[in-house]
Amino acid sequence: MNRFANNAEKIAPLGSSQGNENFNQLVSTKHPKNRSYAGSLGLPVRLQASVCHKNDGRMYIGDVADLAQVSPGNETKKYRARLDQRRKGRAETQKTVETKRKRLFNKKNKAKRCATQEQAEGISYETECGFDGIAELVDDPSGKKF
């Protein structure tokens, strides 16, 4: 156990997995599970598209079209630029103190509402809340039937 304790900074750097989760979401949009692209070149191309999207934003399509010497079209370029601009605007808005305070306020209000509802109605959601005490009812030693 001491070996793990001495190397704790290597084992758990306490980093965020949000970047990985975001990338997995991008891959799932380009390669949905209900389709099979593994037998063709579709899977590697879709993974590469996900990487380009993550690294360069939505304008990667225009860059790929330029490399392939194909015109992506003016409307495509405008649309992709507008989406990138919207994403950057949202990211900047999310960083403001006002937005962070609003998020915290909403989180506290939701917790209050849940607590009030649980006092009035009982626990409506909790891990395995529906199965508490079921084993005792099913295997009742007194033999009572319900």
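See the values below:
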quantity	calculated
Counted charge near Q25, where neighbours are those whose Cβ lies closer than 14 Å (Asp, Glu -1; Lys, Arg +1)	+4
Ranking of K112, K54 by count of other Cβ atoms within 10 Å, fewest first	K112, K54
Spacing of the two label points (7 Å from each Cα toward its C-beta) at D63 and R101, in nm	3.9 nm
Gain in span if fully extended, R86 to R3, counting 0.36 nm per residue against the direct Cα distance	25.0 nm
Contour excess over end-to-end distance, with Cα ends at Q48 and S17 and 0.36 nm allotted per residue	9.1 nm
Contour excess over end-to-end distance, with Cα ends at A111 and T93 and 0.36 nm allotted per residue	4.1 nm
Members of K54/K95; K30/K77; K78/K100; K33/K95; K33/K54; K33/K107 lying beyond 23 Å, as alpha-carbon distances in this model show	K78/K100; K33/K95; K33/K107
Under Karplus coefficients 6.51, -1.76 and 1.60, residue-wise ³J(HN,Hα) of the stretch 79-89 in Hz, glycine/proline x	4, 5, 5, 5, 5, 5, 5, 5, 5, 5, x
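None of the figures in this text is laboratory data; all of them are computed from the coordinates on show. Being a predicted model, the structure only gives us computed values, none of them experimental. Ideal geometry is used to build each Cβ from the backbone, glycine not excepted, and the neighbour counts take in all protein chains shown.
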